[in-house]
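Nothing in this text is a laboratory measurement; each read-out follows from the coordinates by a stated rule. This is a predicted model, so every value here is computed, not measured. Positions of Cβ are backbone-derived with ideal geometry, glycine not excepted, and every protein chain shown enters the neighbour counts.
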């Protein structure tokens, strides 16, 4: 499975966080440590028209939470998600 990176842009700087790929590939869910979560985290994906869009992770999209992690559904196939880390 290719790596998937979350991004956050602030003050002209893009910060990237690689997702837990082992969890994503086995559960088809995103497991994000709480200390990594911040507003405006997103990843890029290709829609049905092959155009690049942003998919934002927000507190409303959390379907489960434990002491250390937020869990999000991953509504895409991995080949739809942009994997470039530059």
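In the set (1) crowded, with 17+ Cβ neighbours inside 10 Å; (2) at positive phi, the condition left unmet by residue 12 is number (1). Note on segment 6-36: residues that are part of a strand (DSSP E or B) and farther than 17 Å from residue 75 by Cβ amount to 11. Counting the residues of segment 62-85 that are surrounded by 12 or more Cβ atoms within 10 Å (Cβ to Cβ) and either out of contact with any strand residue (DSSP E or B) (no Cβ under 9 Å at 6 or more places or on another chain) or assigned to a strand (DSSP E or B) (or both) gives 8. Considering segment 37-61, the residues that are in a strand (DSSP E or B) and over 12 Å from the mean Cα position of the chain (by Cα) include one that is nearest to residue 8 (Cα to Cα), namely 53. The set of residues in segment 37-51 that are under 16 Å from residue 75 (Cβ atoms) and out of contact with any helix residue (DSSP H, G or I) (no Cβ under 7 Å at 6 or more places or on another chain) comprises 41, 42, 43, 44, 47, 48.
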